[in-house]
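The values are calculated or read from the model by the stated rules, or taken from the named source; none is laboratory data. Values in this document were obtained by computation on a predicted structure and should not be read as measured data. FYI the Cβ positions are ideal-geometry reconstructions off the backbone, even for glycines, and counts take in every protein chain you see. Ligands, DNA and RNA are stripped out before the accessible areas are found, and what is left, the full protein with its side chains, is counted by its heavy atoms. Shrake-Rupley method; radii C 1.70, N 1.55, O 1.52, S 1.80 Å.
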Amino acid sequence: MNSFAIAQPKSYEDASTLAKDKSYRLAVIKAGGIDLLDHLKEGLIDPDVLIDVRRVRAAGAKAPIDVSGDTVRIEAGTTLAEIAHSAELAKAAPALVYAVESAASPQVRNAATAAGNLLQRPRCWYYRNEQFNCLKKGGATCFAVEGENRYHAIFGDGPCHIVHPSNLAPALWVCDATVHIVGAEQPSIPIRYLYHTPDKGVRSENNLPPGAVITHITCKPAKASGFYAIKEKQSFDWPVVAAAVALELDGTVIKSAVVCAGAVAPIPWELRNVASALRGVDVADDAALTKACAGASAGAKPMTDNGYKVKLLPVAVKRAVLIAAGRKAEVES
Amino acid sequence: MASDTAVSIPTNMPTTNRPMNLGQSMDDNTSRLDGVAKITGAAKYSSDMILPNSLFARFVRCPFGAASLESVDDADAKKIDGVIEIDIQPKECQYDGQPVGHVAANSPMLVDRAIKALNLKWKKLPVKTQITDTVKEEIAKGDVKDADVTFAAVYSTPVQTHSSLETHGGVVDHHGDKATVYASTQGTSSVRDGIGEPLGLKASDFEVICEYVGGGFGSKLGGPGKELTLAAKLSQKFKRPAYVMCNRADEHLDTGNRPSSMTSVQIGLKKDGSVVGGEILTYGGTGVGKGGGGVSIPSGRYNFQNVNKKHTDVSFNGGGPRPFRAPGHPQAAFAEELMLDEAAALIGMDPFTFKRKLVKDDVYREMMDMGAKLIGWSDRKETGTQKSAMRTGYGIGTGGWGSANPGGNAEVVIHQDGSVESRTGTQDIGTGQRTTMGICTADSIGIPLSFVTVQIGRSTLPPGPGSGGSVTSPTTAPTMMAAAAQAKGKLLDVLAKGSGGDANEFSVKDGVVLRKGEKFLAWKDACAKLTPDGVTGSASTGDGGKGNSQGVQFIKVVVDCETGIVHPKHVIAIQSCGRVICRKTAESQIIGGVIQGISYAMFENKILDRNNGAMVNPNLEWYKILGPNDMPHIEPVLWWHGQTGVKSLGEPPNIPTAAALACAVYNAIGAPIRHLPMTPDKVLKALEGAAS
């Protein structure tokens, strides 16, 4: 770690101005600092300025989480712990609560922020190791292709094969979320356009214009929504597959669904085929539900060691559907 | 120490779920004496010793499984202000983490910066990263002509790193003619013996201190180690305290490990469950190490007739092994117990009946009977009969370990002011040594534990054994009891002389000196009759008693057959331990061994990139260790029947666990997972295999 200056702007606009200041070699935003510290310790980045936005709040911010009528609003600096403990969100958009409850550890959740979670870099062990100059870092090779790829992607990958590590992103996706920003021409980006696949560029995962700063996130309420992660360890581990689901229900019959998978692709991976297959399915009909979710891995291209993800994804989707339909007790029973 | 902190935490906690362990130990209720100090941070480990004007150093290491360091350009690194010394020599390296030299600087940050600024030219060489790169499947072929049925299989276990929370290394403070060495070690005395030379001092001119150590599990034995040796040399050379501690990656790469194993078995059985022939071929993945890969199967606990055994160590490009909690045993028990469960299924026998019959020693039979009741073995369904998504399974594992007393020294001082010091140079690596020494002393004398101050972990104290082989308590407990008894004897002699009576009229109970059973003097008043030097009792050995450390574990597991996740639910860990000194720390030791065994069975795996041999997970994010939500309910059962003396407890409880869990999973899903760790991909694959 080299020395750096720390700037403490009072607004996101000021933060954005600092982020665009060409007199700095590398100015990076510090929110909770969780992923930032990992990068600094591993020697992956070498900023000369940290722009500390941990205590900055957007002009229109009323509370860390605000649910009024038709809009759910979460501030960029809202912590994962605040989301996890929010009784309002548990009613209005439970997928978000389930998603963060499953993430990291209680201590990390106390510091990690919503915006930081969306923008975190991948956990790929080649990316995170200084010794491997992989594609994402400007090198010539993706070491996972012929190397250790048990935790890598089965969809949307190539030439880089990371999975996007955020639980919150697929959950916000099914709630049709929008990410609001300052410092760019457009005031917001829908979350479904926030990320790009590696074939469109490997050096970053998201489409934020340079110097843009997230101010808050809005989404629609999704009362019947759920999230399910399959993790090797039940404490402090990343999912091997995850699924977020939002349903429109008529009794126990699904009228429509949005399904988005996590940990299987370099971006949150929407499963439109499963959403179609779920239409008209009665969640109480186990056989029909299983059949509708069976196509979750259609089109997947597993790598040498991650074929098991193909089998696990339909299970995660089905369990997320049951949770969304208020049938959590049937999961793991 | 607890008395130094303002935190008030009750030290007597009632037992709620282990009534059967009550009443057998010298002390049922005392909590670990240093528990509060450790939790609040009052306890100072070697890694906490950041002394004024310290210099810091780290090794520079090969980043690949095999590579030749062709050239070193340290010009940029040397320019960094605050860099003190850079010493790197070109050489050919054979594992990721192999040191090629070191960098010393005024701060850890500067060391990192300097290492990054080095221009090292490496030429990568071809690598082997696992046993099977050299040994293709070797099929065991024994003499099974008398068998009704034969069974053959291959089992394997991964490389497991000790992952001590406090890493390897220490601090040396060299003053020119004297030095203080803060070691993170399992052998205070062995550090004393090995550090004199790099210090350039005689043993009488330095002290080794290791009052607290954050884990070792076998990797911190055998002397100062290269980190502390470097610290000694740097401290002497630059006349400043030298701090050399591994970072987390170093710790995974180059501080030893439990070697991987491959076990190929073929056994022949008769329908009545007897084993009448076979062959077992074992392979130990020792990386670059020479030896240390042994796999202790057959364990000798079961009656195997006419089964040959052959072992081979296999090299590959990885760090060499170091002793790790019952070396050779957990990997062997896994293969042996699962093999027996599979064999039992072949002849249609319940593995409980089968193993109970086949085991040699009656102690195991008694333990199995008790364990079966406690776990609810009668609820067990026959292997392969469950079709639901969530399946429940039960498994049995056994373990055995000797008990040794290599000799150690202890001293007890009773002061004129009534305070009592219990002194021994040995260290507490988490075993509760500090606590047991206090209890032994207090109990032997007849005074409350609160009158006793325990001093451990210094080379200037009476030397004690290294904490390896689970010999610490079996050695120090009887020795300390003997020293305490001697000190007490001297005190009573003084009282006898002073009152014109006979020494054997006097006794001590609950801190009161009795004469002929009647209250004679309060403890403080009795001690006031001593001279200002007090009295000292010392001993260098004690009676080891009889009996070994045997154990049986029963595990109940629920396997989610849709996700492949293994959920251990309940562990009954029956462990013989002779005379238990402190119930709570003894139970804790058993629980700790079980935790580490579950973690080994389910998660731990040192993964080397198959192309360049680098470890891809040298951190606690991807080198997965069990966490709170992965924990089953663990019930330690202290077994003292037929034993006297203090027995080994550090390693034995770690032996049966992975084995019992693997057997339970096999019972649950109807297919064996023969290769640890039991990750979801393997469970799903086994289920697929069973379905077809």
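Structure values in brief
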| read-out | value |
| --- | --- |
| Square roots of 5 times each gyration tensor eigenvalue, C-alpha, region A:1-109, largest first, Å | 30, 18, 9 |
| More than 44 Å apart - percent of Cα-Cα pairs taken over chain B | 29 percent |
| 19 Å tail of the calculated P(r), region B:485-631, as % of Cα pairs | 72 percent |
| Projected-area average for region A:145-224 over all orientations - Cα convex hull basis, square nanometres | 6.5 nm² |
| Solvent accessible area, Å² - A:K255, 1.4 Å probe, full protein context | 110 Å² |
| Region B:266-407, relative contact order [Cα under 8 Å, separation at least 6], % | 21 percent |
| Charged-residue dipole, Cβ positions (Lys, Arg, Asp, Glu), the protein assembly as shown about Cα centre, Debye nearest 20 | 440 debye |
| Per residue solvent-accessible surface (Å²) - region A:289-333, probe of 1.4 Å | 40 Å² |
| Rounded Å value of the spacing that divides the Cα centres of region A:125-201 and region B:613-656 | 38 Å |
| Per-residue average of Cβ from other chains inside 10 Å of B:374-385 | 0 |
| 23 Å Cα-Cα reach of A:K30 towards lysines, excluding residues that sit fewer than 8 places from it in its own chain | A:K10, A:K20, A:K22, A:K41, A:K62, A:K136, A:K137 |
| Within chain A: Cβ-based charge dipole about Cα centre, in debye rounded to nearest 20 (Lys, Arg +1; Asp, Glu -1) | 60 debye |
| Cα-based shape type of region B:191-249, given that a ≥ b ≥ c are square roots of the gyration tensor eigenvalues and the cut on a/c is 1.5 | oblate |
| Links that overshoot a 26 Å alpha carbon limit, given the list B:K44/B:K647; A:K231/B:K685; A:K233/B:K44 | B:K44/B:K647; A:K233/B:K44 |
| Separation of alpha-carbon centers, region B:444-470 and region B:94-169, rounded to whole Å | 37 Å |
| Antiparallel DSSP beta bridges within chain B, as percent of all bridges there, nearest 5 | 75 percent |
| Whole-angstrom Cα spans of the protein assembly as shown along principal axes, big to small | 100, 76, 60 |
| Region B:524-622: GluC sites (Glu not before Pro) falling in loop per DSSP and having at most 16 other Cβ within 10 Å | B:E621 |
| Lysines with Cα under 18 Å of A:K291, excluding same-chain neighbours fewer than 8 positions away | A:K255, A:K309, A:K311, A:K318 |
| Region B:326-365: radius of gyration and largest Cα-Cα distance (Dmax), Å | 11.1, 33 |
| Under the span-like rule (Cα at least 18 Å along the axis, Kyte-Doolittle mean at least 0.0), DSSP H helices of chain A | A:308-324 |
| At 0.692 mPa s and 37 °C, Stokes diffusion of region B:287-378 via Kirkwood alpha-carbon radius, µm² per second | 214 µm²/s |
| Fraction of alpha-carbon pairs over 21 Å apart in region B:425-500 - percent | 31 percent |
| Region A:286-333: C-alpha gyration tensor shape, a/c 1.5 cut-off, then a/b vs b/c | prolate |
| Structure-based [θ]222 nm, chain B - -39500 (n - 2.57) summed over DSSP H runs of at least 4, per residue, nearest 500 | -8500 deg cm²/dmol |
| Accessible surface of chain A, 1.4 Å probe, proportion on carbon and sulfur as whole % | 53 percent |
| For B:561-569, mean number of other protein chain Cβ atoms within 10 Å | 5 |
| Whole-number percent relative contact order across chain A, with pairs defined as alpha carbons under 8 Å at least 6 apart | 17 percent |
| Stokes-Einstein diffusion coefficient of region B:49-170, Kirkwood radius over Cα pairs, 25 °C, 0.890 mPa s, in µm²/s | 134 µm²/s |
| Residues of region A:137-162 buried by at least 10 Å² on assembly (accessible area, 1.4 Å probe, chain alone as reference) | A:F143, A:E146, A:G147, A:E148, A:R150, A:Y151 |
| Carbon/sulfur fraction of accessible area - region B:402-485, other protein chains in place, 1.4 Å, % | 51 percent |
| Percent breakdown of C-alpha pair distances by 5 Å bin, ordered from the shortest bin, for region A:185-333 | 2, 9, 17, 20, 18, 15, 11, 6, 2, 0, 0 |
| Scattering profile of region A:253-297 at q = 0.19, 0.20, 0.22, 0.33 Å⁻¹ [log10 I(q)/I(0), Debye over alpha-carbon scatterers] | -0.56, -0.60, -0.70, -1.16 |
| Test item: A:306-315 mean partner chain Cβ contacts at 10 Å | 4 |
| Over region B:121-216, equivalent-ellipsoid semi-axes from the Cα gyration tensor in Å | 49, 21, 14 |
| Chain B: relative contact order in percent, alpha carbon pairs under 8 Å with at least 6 residues between | 16 percent |
| Protein accessible surface hidden between B and A, which excludes ligands and nucleic acids, total in Å², probe 1.4 Å | 3300 Å² |
| Lysines with Cα under 24 Å of B:K529, excluding same-chain neighbours fewer than 8 positions away | B:K488, B:K490, B:K497, B:K509, B:K516, B:K519 |
| Cα convex hull of region B:236-340 - mean projected area over all directions, nm² | 9.1 nm² |
| Members of region A:219-252 that become less accessible by 20 Å² or more once partner protein chains are added (1.4 angstrom probe, chain alone as reference) | A:I230, A:E232, A:K233, A:Q234, A:S235, A:D237, A:W238 |
| Whether chain A is rounded, prolate or oblate, judged on the alpha carbon gyration tensor where a/c under 1.5 counts as rounded | oblate |
| Histogram of C-alpha separations across region A:130-264, 10 Å bin width, % | 11, 32, 35, 18, 3, 0 |
| Antiparallel DSSP beta bridges within region B:389-515, percent to nearest 5 | 65 percent |
| Region A:113-187 - Kirkwood radius from inverse mean 1/r over Cα pairs (Å) | 14.3 Å |
| Lysine pair number, Cα distance threshold 28 Å (strictly under), region B:86-174, separation 8 or more or different chains | 11 |
| Residues of chain B: accessible area per residue with a 1.4 Å probe, Å² | 37 Å² |
| Percent of beta bridges antiparallel (DSSP, the protein assembly as shown, rounded to nearest 5) | 80 percent |
| Computed magnitude of the charge dipole of region A:228-333 (debye, nearest 20; Cβ of K, R +1, Cβ of D, E -1) | 200 debye |
